[in-house]
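S.K.: This is the structure, below, for whatever I ask next.
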Amino acid sequence: MNLIRNYRNWRRYRETVNELSRLSNRELTDLGITRSDIHFVARKAI
């Protein structure tokens, strides 16, 4: 069960990183984050 949960968390993290990475710097600024914050924000989304 733990393996499944870890996999789902990893997928959610990767999807979040990919979606945020597709945004322009202007769009990220509108959201209040910088490009260097993407991984931090993705970890919080788990």
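S.K.: How far apart, in nm, are two points set 7 Å out from the Cα along the Cα-to-Cβ line at TRP10 and at SER36?
M.R.: So the two model labels end up 2.8 nm from each other.
S.K.: Provide ILE46, ILE4, ILE38 in ascending order of the number of other Cβ atoms located within 10 Å of each residue's Cβ, fewest first. It would help to have the intermediate numbers written out before the result.
M.R.: Working: ILE46 11, ILE4 8, ILE38 18.
Ordered from fewest to most neighbouring Cβ atoms within 10 Å, ILE46, ILE4, ILE38 come out as ILE4, ILE46, ILE38.
S.K.: Under a crude label model (7 Å from the Cα following the beta-carbon direction), how far is LEU3 from SER24 in nanometres?
M.R.: Reported label-point gap for LEU3 and SER24 is 4.5 nm.
S.K.: What is the magnitude of the charge dipole of region 2-44 about its Cα centre, with +1 placed on the Cβ of each Lys and Arg, -1 on the Cβ of each Asp and Glu, and no other charges, expressed in debye to the nearest 20?
M.R.: Numbers: 10 positive and 5 negative charges, 61 e Å.
Roughly 300 debye, rounded to the nearest 20.
S.K.: I'd like the orientation of helix 2-22 relative to the chain: the angle between its Cα long axis and the longest Cα principal axis, in ° from 0 to 90, rounded to 10.
M.R.: 10 degrees
S.K.: Among ASN25, ALA42, ASN9, flag the residue with its Cα farthest along the positive direction of the charge dipole of the chain, charges on Cβ as +1 for Lys/Arg and -1 for Asp/Glu.
M.R.: ASN9
No value in this document is a laboratory result; all are computed from the given coordinates. All values derive from a computational prediction rather than experimental measurement. Cβ sites come from the backbone with ideal geometry, for glycine too, and all protein chains shown count toward neighbours.
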